[in-house]
Amino acid sequence: MSPVAHLYLHLPFCSSRCGYCAFVVNVGALGRRDEYLDALLAELEGERAAGRIGELQTVYLGGGTPTLMRPRRLAALMERIRPHLAPGAEVSMEANPESVDGPALAALRRAGVNRLSLGVQSFQPHLLSALDRAATPAQARQLIACARAAGFEDLSIDLIFGIPGQTADDLERDLAEVLTAGPDHVSWYELELKPGTALARAGTPAFDEDEGADAYRRIVGGLEDAGYGWYETANFARPGHECRHSLAYWSAADYLGLGVGAVSTVGGERWRNAAALDGYLAALAAGEAPPRSREPLDADDVRRERWMLGLRLERGLPLAWAGPPDRPDALARLSAAGLLHHDAGAVSLTREGRFVQNAILHELMDYA
Amino acid sequence: MDQGHIRNFCIIAHIDHGKSTLADRILQLTGAVSERDMRSQVLDSMDLERERGITIKAQAVRVHYTASDGETYQLNLIDTPGHVDFSYEVSRSLAACEGALLVVDASQGIEAQTLANTYLAIEGDLEVIPVLNKIDLPAADPELHGRAVADLIGDDPENVLRISAKTGEGIEAVLEAVVERVPPPSGDLTAPARALIFDSVYDQYRGVVAFVRVMDGVFQKGDKLRCMQTGLVVESEEIGVMAPVMTPTGKLAAGETGYLVTGLKNLGDLRVGDTITRVAEPAAEALPGYREVKPMVFCGLFPVDADDYPDLRDALEKLSLNDASLRWEPESSQALGFGFRCGFLGLLHMDIVRERLEREYDLELLATTPNVEYKVTTTMGEILPVRSPTELPPPTNIAMIEEPFVRCTILVPSDGVGAVMKLCQDRRGVFVTMEPIENRQQIVYDMPLAEIVLDFYDQLKSRTRGYASLDYEIVGYRESHLVKLDVLLAGDTVDALSMIVHRDEAYTRGKLLVERLFRTIPRQLFDVPIQAAIGGKILARETVKARRKDVLAKCYGGDISRKRKLLERQKEGKKRMKQVGSVEVPQEAFLSVLKIGDDGNGK
């Protein structure tokens, strides 16, 4: 099995669960965070011994709230990763405004983290409270300033639209705040009401398609006007600041994910670590691999995933790499309708097509 | 047994007035079914019948009863269906009997259907024994309803039996009345044998089984038999009675009812209403038969998944084995592909067949709007039967269109008269008469059958809080100003959505149709104009706007599989849509057109 160039580390601890969150997180288990890092290092060591860790181009520390880990322990984790890093490797970490301060950010920067992704979600107090977010807009603004002061030259902020109660004016204010803050990268998602989340349970109505479409189009237009490229469905970057780790996912590259609930895809096989903290800690304490479920990917799965992922990107996908669509005749039809470019062995969506990417995918492919 | 000790009788009752419970009690009391084996409502054997609490197939059950005179009698109970769609089966049952129990709910009183069947029984010279059931109910009013029932049949109110089939009270008295009041059969045992076929079923192992009432002579096992109308010759492979399961007896004599195993493989070969006689010693004259059952309502049935077409054909073949009134022939639609145009006795029959196809044969079906059979006279003077809107010739070739009319008899409490008359007028009804019957009004209208088949019965029930009851009979064809209303999706006519409507209703119907489709067709990659039109003239239009946003928000390493599976689930959802030209139409869109009348405005 060939070694991978992309590593994800899941740090699942949170002080509370947000209303829209469906990730693998652990609330109220902070007492076990050191034990968890030991286990994570043990899993890393196992993968290293198995020869699966190559020269790492990107590392991503996601959560949860990674900044809830003790800075010294995080630095120790980075110490163990450093020997595997390629020159100029991207090392990203997620941070929440309420859980980190200037000195902590400076320590992270010294430990080798060179890209920061801040979970802001909105700058409007009533929308933050609708999402159960703990941070205030002031904290968010301050953190952005601190991150710059700490020397982060690759700064991303995460935002959400389609929040219950969000008006067009709210969106304009968020957009203006983002442009004032001037991050290098923006991820701006529509709120998904995933089953099991507090918002879904509360019966929150989904955004009307037209409202959502207006907001989405306004965001794309506003960011593009300010010099951000719309390089992926929900991601925008100043030239040269695209997230290389995420691009690896969207290019269907192999990656290794460590920690509870983390997923790996290596050499046509995908596995997912079990989500339960106890089982994970117990297995690694006993010197075993964590409990995992495996999913083999056949040639059709791979081809359909490449189409699914590749069409998210502004640059599209090379046909020779992705393989043919299930319904090749749809290419000409969609092209004639102005939704898709199809030339010289590559397919990409037009601006209009990118807004209805999912529907186009169903025209081209049979997901069965 | 000599004919003096035989009684053949049936039960006339409205749905839910307790016919099946009474039949069960009779079987129990006479020991035909033990307490332990007692499955509630033995006579209603089909699951659907049990679920809907209605009886579809007539059957005959023999029991023995020792009366208070010390004599043992053979009682043949012939079951009758209770719904308007199956009224023809009632006349069959009546022809095989000398008496009828008229069972009326003591809290509800007589319903239109019961009234019609009672008249049939009286016309057929049957002894009618009035029975008030459910006297245990707090709402029972035996005085009032007893008087009304007595009036109806010209009997003394004191002769109206009061029972509760549920508690068992009064059942014995019912049996005594059957023995005392129903005349014994008076067939000629020595005459050439004749029997009336009053029902038939297909048995998987025995083939076609005929239920017969022997009028004269004796039939034996092994006899060569001739059907006098069709000329068909069969052999009686087995002969017996239902007691209540098939019990061979080797012979059936004048006055008795029972069954004959014919060895036929096709139910359609045996005509119910035909007279059977022996080849060796044939009867000179056939018994009076009854009118042939003709389908009244037609619709196209199409599999949602085109691959299911052969399965649908198999399923229809199997259903036809036991339902000679179900007609079907292949039909193809540009929009829906290959399917079948089916003929039914009525809407309930249609619903039942559809439900059985979906439930018992696991098929997903699309049904087109039901319609009646029209008679079209062309400008060349030709007369064409039209059972599907697509069969309608171009308007320029049509000289006249006629449609079947029915005479509707509606019984309703006085405070519902206004609502009923409004509904009938709205549905192109022509007033005939109105007169009081007990504490209610009997309203008679002549109406186009097409208006009835749509949703008239549901509307009638909902506008009278369930108190109105309906009976109808065909009175013939009348000329109407009818037009073909087409629906266009993205510019193309969808043949499966076309319907024949009255010219005055075309605009409202078209507008409603377009609105319904607009609400049920989801937004797609392109604009979908929906239009209703007569010929080239557009009556109504809406446009389902193209999607403006359809993306999967986040997609990272952890959820690539989940996103792929989400796409698979979305695809699965699309499979339940029908691709009509370039438009994906959900099944609900077709259904919403069917239910065109359920939003309260009556159209």
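What to note about this one:
- B:G154 vs. criteria touching a Lys or Arg at 6+ places or on another chain (Cβ under 8 Å) and at positive phi: no
- Of all residues in the stretch B:431-475, those that are buried (at least 20 other Cβ atoms within 10 Å of the Cβ), part of a strand (DSSP E or B) and among the charged types (D, E, K, R) total 2.
- Residue match in the stretch B:63-83 (condition: over 29 Å from B:P413 (Cβ atoms), surrounded by fewer than 17 Cβ atoms within 10 Å (Cβ to Cβ), modelled with pLDDT under 90 and among the hydrophobic types (A, V, I, L, M, F, W, C)): no
- The set of residues in the stretch A:1-59 being of a type in the set (V, I, T) and either without any contact (Cβ under 8 Å) to a residue 12 or more places away in the chain or buried (at least 16 other Cβ atoms within 10 Å of the Cβ) (or both) consists of A:V4, A:V24, A:V25, A:I53, A:T58, A:V59.
- Meets criteria (touching a residue at least 24 places away in the same chain (Cβ under 8 Å) and within 8 Å of another protein chain (Cβ to nearest Cβ)) for B:R547: yes
- Flag for B:Q113 being in a loop (DSSP other than H, G, I, E, B), polar (S, T, N, Q) and in contact (Cβ under 8 Å) with a residue 12 or more places away in the chain: no
- Scope the stretch B:328-339; condition buried (at least 20 other Cβ atoms within 10 Å of the Cβ) and under 20 Å from the mean Cα position of the chain (by Cα); matching residues: B:W328
- Test for B:A532: is it more than 7 Å from every other protein chain (Cβ to nearest Cβ) and either out of contact with any Asp or Glu (no Cβ under 9 Å at 6 or more places or on another chain) or buried (at least 17 other Cβ atoms within 10 Å of the Cβ) (or both): yes
- Of note, A:L159 does not satisfy the criterion of being closer than 17 Å to A:C21 by Cβ, within 14 Å of chain B (Cβ to nearest Cβ) and in a loop (DSSP other than H, G, I, E, B).
- Hey, B:E572 more than 14 Å from chain A (Cβ to nearest Cβ), part of a helix (DSSP H, G or I) and acidic (D, E) or not: no
- Taken over the stretch A:197-238, the residue count meeting the criterion of being in a loop (DSSP other than H, G, I, E, B), within 14 Å of chain B (Cβ to nearest Cβ) and either closer than 27 Å to A:G310 by Cβ or touching a residue at least 12 places away in the same chain (Cβ under 8 Å) (or both) is 5.
The rows are residues; the columns are (1) under 20 Å from B:A254 (Cα atoms); (2) crowded, with 21+ Cβ neighbours inside 10 Å.
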| site | (1), (2) |
| --- | --- |
| B:D156 | no, no |
| B:I163 | no, yes |
| B:P183 | yes, no |
| B:S186 | yes, no |
| B:L196 | yes, yes |
| B:Q204 | no, no |
| B:L232 | no, no |
| B:E235 | yes, no |
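- Of the numbered criteria (1) buried (at least 21 other Cβ atoms within 10 Å of the Cβ); (2) acidic (D, E); (3) at pLDDT 75 or above, the one B:E89 fails is (3).
- Any hit, the stretch B:161-179, residues being part of a strand (DSSP E or B) and out of contact with any helix residue (DSSP H, G or I) (no Cβ under 6 Å at 6 or more places or on another chain): yes
- Selection from the stretch B:545-567 of residues that are crowded, with 16+ Cβ neighbours inside 10 Å, out of contact with any Leu (no Cβ under 8 Å at 6 or more places or on another chain) and in a helix (DSSP H, G or I): B:G557, B:G558, B:D559, B:S561, B:R564
- The criterion of at least 3 residues that are buried (at least 20 other Cβ atoms within 10 Å of the Cβ) and within 21 Å of the chain's Cα centre (by Cα) is met by the following helices (runs of 4 or more DSSP H) wholly inside the stretch A:254-368: A:299-310.
- When residues of the stretch A:259-280 are limited to those that are of a type in the set (A, V, I, L, M) and in contact with a His (Cβ under 7 Å, 6 or more places away or on another chain), the one nearest to the other protein chains (Cβ to nearest Cβ): A:A262
- Those residues of the stretch A:1-51 which are part of a loop (DSSP other than H, G, I, E, B) and touching a helix residue (DSSP H, G or I) at 6+ places or on another chain (Cβ under 9 Å), in sequence order: A:P12, A:S15, A:R17, A:C18, A:G19, A:Y20, A:C21, A:A22, A:F23, A:V24, A:A29
- Flag for B:R541 being surrounded by fewer than 18 Cβ atoms within 10 Å (Cβ to Cβ), away from chain A (no Cβ under 14 Å) and either small (G, A, S) or assigned to a strand (DSSP E or B) (or both): yes
The values are calculated or read from the model by the stated rules, or taken from the named source; none is laboratory data. Every value quoted in this text rests on a predicted model; they were computed, and no experiment measured them. Ideal geometry is used to build each Cβ from the backbone, glycine not excepted, and the neighbour counts take in all protein chains shown.
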